[in-house]
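What follows draws every value from the coordinates through simple rules; no lab data is involved. Nothing here was measured: the structure is a model prediction, and the numbers come from that model. Cβ placement follows ideal geometry from the backbone for every residue including glycine, while neighbour counts extend to all protein chains displayed.
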Amino acid sequence: MGRRGKKYLLIVLVMVLSGRIYGQDHIYSQFFNAPIYLNPALTGQFEGDIRMNLIYRNQWSGLTGDLSYISASADLNIPKFGGGVGLLFTRSSEGLAYLNKNNIAATYSYSVGNDEFVLSFGVQAGFTNRRIDWSRLVFSDQLDMRLGYMPGSTSSAQFPDANKKFYFDAAGGLNLVYRGFMFGAAVHHLNQPDESFTGTQAKLPMRLVSNLSYRIPLNSAYVQNDEDGAYLIPSAVYYKQANLSSVSGGVQFKYRSMNTGLWYRTSGTGSPDAIVLSLAFDIFTDRKNGEKLRLGVSHDATTSKINYTNTNGTTEASIGFEKYFPNSSGYNKFNGLRCYNFY
C-alpha cells in the first residue's frame with residue numbers, strides 16, 4: 001500500500017477510535033474555564049453577579065475531518081436563592097460524517113456555608129439534538145488496498161432512515177470548598193438517554209467526574225484570599241464513562257492576574273494521552289463593579305500511539321467575563337470561598 005493510502009487509512013482509524021472514545025463526551029483541558037460544563041454545582045460560584053464563559057477546542061487539527069467542540073455559558077450569583085442559576089450551550093462536531101450534537105441546558109445550585117467553607121449542590125436539565133450526515137461516511141467497498149480511498153466512489157451500504165435524534169438530558173453534582181481545599185463530584189446523563197439513529201437502543205452512559213484542588217500560598221506573610229499573592233495549585237480531575245476512564249493531573253502557578261499550568265492526561269484506556277500547557281490572564285481587575293476579563297489558551301501535545309506528528313496536537317482558547325451589577329448589594333461583601341480562587 002502506498003504512503004498516501006496508509007495515511008488515509010490512519011485517518012479513518014483515528015476517526016473510528018474518536019467515535020468510540022471522544023464521541024461519548026468530550027473533555028476540556030481548560031476544565032477550570034468551563035466550570036458549568038465540569039459540574040453544575042459550580043453555577044454561581046464566582047465573585048460578582050454575572051459571569052459568562054466561552055471555550056473552543058480544536059482536536060487533532062492535523063487530521064482530515066472535524067473534531068471541534070464549543071461551550072458557552074452564562075450564570076448569575078443570587079444570594080437570595082442561596083446559590084445561582086445558569087444557562088449552558090454545548091456543540092460538538094466529530095468525524096468525517098460530521099456527527100453533531102447541540103445541547104442547551106439550565107442549571108441551578110444551592111450553597112450553604114460560612115467564612116471557612118462553602119458546600120454547593122447543583123442540578124442541570126436540558127435537551128440535545130444529535131445529527132449525522134450518512135453520505136460522508138467511507139465504507140470498505142470505497143477503499144483500495146494500494147491507493148486507499150477512491151474519490152467519486154459510492155457504497156452499496158444501506159443507510160438508516162433517520163439522521164437526527166432529540167432527547168432530554170440531566171445531571172447533578174456537589175462541590176465543597178474548605179479553606180485551601182476544593183473537592184467536587186458530578187454525574188452527567190443521569191437518565192442515560194437513547195442516542196440511536198436506527199431504533200436499536202443505544203444508551204448514552206453516565207459520565208462521572210470528580211475534581212480535587214489544593215491552594216498552596218508562596219507568600220511568607222499569608223493573607224487568606226489575597227488576590228495579589230503567589231500560589232501553587234496542584235489539581236486532579238478523574239473522568240469515567242462506561243468502561244473508559246481518564247485522569248488529568250497537574251499544577252498551576254498563579255500570581256496576581258497570571259496563571260500558567262502544566263498537565264499530564266491519560267487516555268480512555270489508561271495509557272498516555274497528552275501533555276498540556278495552559279496560560280491565562282485576568283485583565284480589567286481594578287475596574288469598578290468588580291469587572292474581570294479572563295483570556296486563556298492551552299495546547300495538548302499528543303503522547304499516545306497516534307502521536308503528535310500525525311495529529312499536530314490540540315488547541316483550546318477561552319474567554320470569561322464577570323462583574324457586579326451597578327449598585328449591587330453584594331459588591332465588596334464576597335467571602336472569597338469560590339472555585340475561581342483555585343484557578
- Charge sum, other residues only, whose C-beta stays under 13 Å from LEU232's C-beta, Lys/Arg counted +1 and Asp/Glu -1: +2
- Query: Simple spin-label model, 7 Å along Cα-to-Cβ: PHE168 to ASN191 in nm?
  - Reply: 0.3
- Rounded to 0.05, the calculated FRET efficiency for the beta carbons of PHE117 and SER245 at R₀ = 25 Å is 0.30
- Query: Of THR107, THR302, how do they rank once you tally other Cβ atoms within 10 Å and put the fewest first?
  - Reply: THR302, THR107
- Note on the structure: Under 5 Å from the placed amide H of MET206, counting only residues 5+ away or on other chains, we find ALA242
- Task: Assuming R0 = 30 Å, can you tell me the calculated FRET efficiency for the pair THR198 and ILE104, based on Cβ-Cβ distance, to the nearest 0.05?
- Result: 0.75
- Item | Long pairs among LYS80/LYS323; LYS254/LYS292; LYS203/LYS240, criterion Cα-Cα beyond 23 Å | none
- Task: With θ set to phi - 60°, apply the Karplus curve 6.51 cos²θ - 1.76 cosθ + 1.60 along the stretch 195-212 and write out the HN-Hα couplings as whole Hz, x wherever there is a Gly or Pro.
- Result: 9, 5, 8, 9, x, 6, 4, 9, 6, 7, x, 4, 9, 9, 10, 9, 9, 9
- Please work out how much length the chain gains when fully extended from LEU293 to ILE78, using 0.36 nm per residue of separation minus the C-alpha to C-alpha distance, in nm with one decimal. 75.4 nm
